[in-house]
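The structure follows.
The values are calculated or read from the model by the stated rules, or taken from the named source; none is laboratory data. Everything numeric here is computed off the predicted structure, so don't read it as measured data. Ideal geometry is used to build each Cβ from the backbone, glycine not excepted, and the neighbour counts take in all protein chains shown. What goes into the accessible areas is simple: the full protein's heavy atoms, side chains included, and nothing from ligands, DNA or RNA. Shrake-Rupley method; radii C 1.70, N 1.55, O 1.52, S 1.80 Å.
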Amino acid sequence: MTAERLVPKAAGRSDRFGLLVLLLIGSLLLSGVDDSRLIRFLTALVNVLALLLAFGARQSRERLLATIGLTMLGAAGGLLVATGRVDGLDGAVGASVQVLLLTVLTGSVLSRIIRHEEVTNQTLLGAVAAYLLLGQIFAWAYLALPGYLDEEVITPAAGGEIPIYYSYVVLSTLGFGDIQPVSALAQRLSALEALLGQLFIAILVSRLV
């Protein structure tokens, strides 16, 4: 058997996507406790822990340096989110850092499950983790928008709460209608998120099959 064929199987054995899914579900529940700065910081900290968990199996020097850099960046973003005004530029920058962190994490998860030669439980859990991460990415993006636009983006206004509930309602196209986007950019982001939610399921399932 060639070395190239050994790499995906080794990667599949080292993945711990079940723990990542539990961590993301914990983040979802934590964000609904209240809209305090402490909860925003703890939720941002969970993002950093998720990054460390997903990257922990890779021991190359380049991967280690990238992980350290992203961890420091995520921690700094969490502090900005916790200490700055949620509708100010500092809060927006902190939330944007979380968007970047989660986007890198999602790309890492997807690249690893696609390289699995056989569809295993870890492959399926990785797909679930990637789907949950999409909702987290857009939630932090909605949180960042008021600081950049200086206007309300969804109504009722989320205030300091990370709009994760709204994000998952859009991603899954449930459309309860209890929260609506009011700014032009938020409306387009919501449409994009709904499209990605549908395309993600269709494309990834077909790829795995």
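Scan region 181-209 residue by residue and report those that are among the basic types (Lys, Arg) and farther than 19 Å from residue 168 by Cβ.
Of everything in region 181-209, just one residue is among the basic types (Lys, Arg) and farther than 19 Å from residue 168 by Cβ, namely 207.
Which one of 79, 64 is in a helix (DSSP H, G or I), out of contact with any Asp or Glu (no Cβ under 6 Å at 6 or more places or on another chain) and without any contact (Cβ under 8 Å) to a residue 24 or more places away in the chain?
On inspection, the qualifying residue turns out to be 64.
I've got another one for you. In region 83-103, which residue that is open to solvent by less than 50 Å² (accessible area, probe 1.4 Å), in a helix (DSSP H, G or I) and among the aliphatic types (A, V, I, L, M) is farthest from residue 44 (Cα to Cα)? I'd like the intermediate steps shown before the answer.
Kept after step one, since they are open to solvent by less than 50 Å² (accessible area, probe 1.4 Å), are these residues of region 83-103: 84, 86, 88, 91-92, 94-99, 101-102.
Cutting the leftovers down to in a helix (DSSP H, G or I) gives us 91-92, 94-99, 101-102.
After this cut, where a residue has to be among the aliphatic types (A, V, I, L, M) as well, the list is 92, 95, 97, 99, 101-102.
Details: 92: 13, 95: 9, 97: 10, 99: 10, 101: 10, 102: 10 Å.
Only one residue tops the list, namely 92.
Another question, then. State yes or no: is residue 159 in contact (Cβ under 8 Å) with a residue 24 or more places away in the chain and touching a Gly at 6+ places or on another chain (Cβ under 8 Å)?
no
Let me ask you something else. In region 14-36, what residues are touching a helix residue (DSSP H, G or I) at 6+ places or on another chain (Cβ under 6 Å), in a loop (DSSP other than H, G, I, E, B) and among the polar types (S, T, N, Q)?
Matches in region 14-36: 31 only.
Please state which of the following conditions residue 193 fails to meet, knowing it meets all the rest: (1) closer than 20 Å to residue 98 by Cα; (2) open to solvent by 20 Å² or more (accessible area, probe 1.4 Å); (3) not aromatic (Phe, Trp, Tyr).
Tallying (1) closer than 20 Å to residue 98 by Cα; (2) open to solvent by 20 Å² or more (accessible area, probe 1.4 Å); (3) not aromatic (Phe, Trp, Tyr), residue 193 fails exactly one: (2).
What are the pairs with Cβ atoms under 8 angstrom where one residue, in region 84-104, is over 13 Å from residue 136 (Cβ atoms) and modelled with pLDDT of 85 or more and the other, located anywhere, is open to solvent by 10 Å² or more (accessible area, probe 1.4 Å) and not in a helix (DSSP H, G or I)? Sequence gap at least six, or different chains.
91/85
Could you list all residues from region 166-186 that are polar (S, T, N, Q) and either open to solvent by 20 Å² or more (accessible area, probe 1.4 Å) or modelled with pLDDT under 90 (or both)?
Residues satisfying the conditions are 172, 173, 180.
Further question on the same structure: Pick from region 110-138 the residues that are among the β-branched types (Val, Ile, Thr) and more than 27 Å from residue 165 (Cβ to Cβ): which of them is least open to solvent (accessible area, probe 1.4 Å)?
Restricting attention to region 110-138, the residues satisfying the condition of being among the β-branched types (Val, Ile, Thr) are 113-114, 119-120, 123, 128, 137.
Filter once more, keeping what is more than 27 Å from residue 165 (Cβ to Cβ): 114, 119-120, 123.
Values: 114: 76, 119: 81, 120: 59, 123: 1 Å².
That would be 123.
Restricting to region 139-154, give me the number of residues that are open to solvent by less than 20 Å² (accessible area, probe 1.4 Å) and among the aromatic types (Phe, Trp, Tyr).
Summing the residues that are open to solvent by less than 20 Å² (accessible area, probe 1.4 Å) and among the aromatic types (Phe, Trp, Tyr) in region 139-154 gives 2.
Among the listed residues 159, 107, identify the single one that is farther than 20 Å from residue 35 by Cα, open to solvent by 10 Å² or more (accessible area, probe 1.4 Å) and either out of contact with any Phe, Trp or Tyr (no Cβ under 7 Å at 6 or more places or on another chain) or among the aromatic types (Phe, Trp, Tyr) (or both).
Result: 107 is the single residue among 159, 107 that is farther than 20 Å from residue 35 by Cα, open to solvent by 10 Å² or more (accessible area, probe 1.4 Å) and either out of contact with any Phe, Trp or Tyr (no Cβ under 7 Å at 6 or more places or on another chain) or among the aromatic types (Phe, Trp, Tyr) (or both).
With respect to the numbered conditions (1) more than 21 Å from residue 92 (Cα to Cα); (2) in contact (Cβ under 8 Å) with a residue 24 or more places away in the chain; (3) of a type in the set (Phe, Trp, Tyr), which one is the sole condition not fulfilled by residue 138?
All conditions pass for residue 138, except number (1).
Quick one: is residue 63 over 17 Å from residue 116 (Cβ atoms) and modelled with pLDDT under 80?
When the stated conditions are applied, residue 63 passes them.
Assuming residue 73 fulfils every condition listed in (1) outside any helix (DSSP H, G or I); (2) surrounded by fewer than 19 Cβ atoms within 10 Å (Cβ to Cβ) apart from one, which condition is it?
(1)
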